[in-house]
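Written below as structure tokens is the structure these notes are about.
The values are calculated or read from the model by the stated rules, or taken from the named source; none is laboratory data. All values derive from a computational prediction rather than experimental measurement. All Cβ positions, even for glycine, are placed from backbone atoms using ideal geometry, and neighbour counts span all protein chains on display. Note: accessible area is taken over every heavy atom of the protein model, side chains too, but ligands, DNA and RNA are not part of it. Shrake-Rupley method; radii C 1.70, N 1.55, O 1.52, S 1.80 Å.
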Amino acid sequence: MRGRHMMDKLELAQRLAHVQESIREFEARHHRVPGSVALLAVSKRQPVSAIEGVFAAGQRAFGENYLQEALAKITALATYPIEWHFIGPVQGNKTADVAANFSWVHTIDRLRIAERLSHQRPDHLPPLNVLIQINVSGEDSKHGIGVDALPALAAEVAALPRLKLRGLMTLPAPNPDFGAQRAAFAVVRELASASRVPMDSLSMGTSDDFEAAIAEGSTMVRLGTVVFGARS
Ligand SMILES: *Cc1c(COP(=O)(O)O)cnc(C)c1O
């Protein structure tokens, strides 16, 4: 069992190194500043031991979608200096746990949720970094706001005292075509650059489309499968 465990850690370290190389390669190919795209390792439905393996290889930012699962992992890994990001839909009755346990929330799409997170962010923690989720796939997705709703929501979220609006997030409907992937991400890049509220972050790109996201200005790619392998 020990040998198997060691292999797993080595394999995770190799996968992580390969993913980091791909990110650097795509930055260069698409004329991005070297090192301007951060990796968020999406650890949903991966065991604590896998997070430990990726952490040991140098990764510090991890993303989780399901609150109960995330809280169990955060407790198990409480001694690790991990930056936790919440990337799933936030339910109105769960905001206190999100406000107390995460550094970032990527999925703001309602003012009421943002207000609760700001109100419930504990005083001893810095402001919660938040991203507004944009729905670029029309009716295909029930999460995220339409582009027309952004200016008003951004102004309201930016005014909340215990939140720091950092930018935008999107999760387009899967599309194998590179040009179509780029077109969806370009909409979000243009929204951020036209925003009157300053934004420094674009959370765009999963295992299936992160080259297109990097080409269109992503500053944070959210990668699960390519880092950890298939989910359970
Ligand atoms: C699961 C998930 C990811 C990662 O997807 P992979 O295809 O495994 O890279 C990224 N973003 C969100 C919002 C997710 O739910």
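The table that follows gives values for the structure above.
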| item | result |
| --- | --- |
| Local electrostatic count at M220 - Lys and Arg +1, Asp and Glu -1, tallied over other residues with Cβ under 12 Å | 0 |
| Area accessible to solvent at K73, 1.4 Å probe radius, in Å² | 10 Å² |
| Cα shape, the chain, gyration tensor, a/c 1.5 rule | oblate |
| Mean separation of Cα contacts under 8 Å, 6 or more apart, over the residue count of the chain: relative contact order % | 21 percent |
| Helix-derived mean residue ellipticity, 222 nm - over the chain, DSSP H n ≥ 4, -39500 (n - 2.57), to 500 | -13000 deg cm²/dmol |
| Charge context of L67, other residues only, Cβ under 15 angstrom, K/R +1, D/E -1 | +2 |
| Cut-off 13 Å between beta-carbons: net charge of the residues surrounding A192, Lys and Arg +1, Asp and Glu -1 | 0 |
| Dipole magnitude (debye, nearest 20) for segment 2-228, charges at Cβ of Lys, Arg, Asp, Glu | 540 debye |
| Sparse-neighbourhood loop sites, chymotrypsin sites (Phe, Trp or Tyr not before Pro) in segment 129-232 - DSSP loop, at most 11 other Cβ within 10 angstrom | none |
| For L165, distant residues with modelled amide H under 5 Å away | V130 |
| Mean accessible surface per residue for the chain, computed with a 1.4 Å probe while every protein chain stays in place, in Å² | 49 Å² |
| Carbon/sulfur fraction of accessible area - segment 2-228, other protein chains in place, 1.4 Å, % | 54 percent |
| Estimated distance in nm for a label pair at A56 and R24, the labels positioned 7 Å out from Cα along Cα-to-Cβ | 2.3 nm |
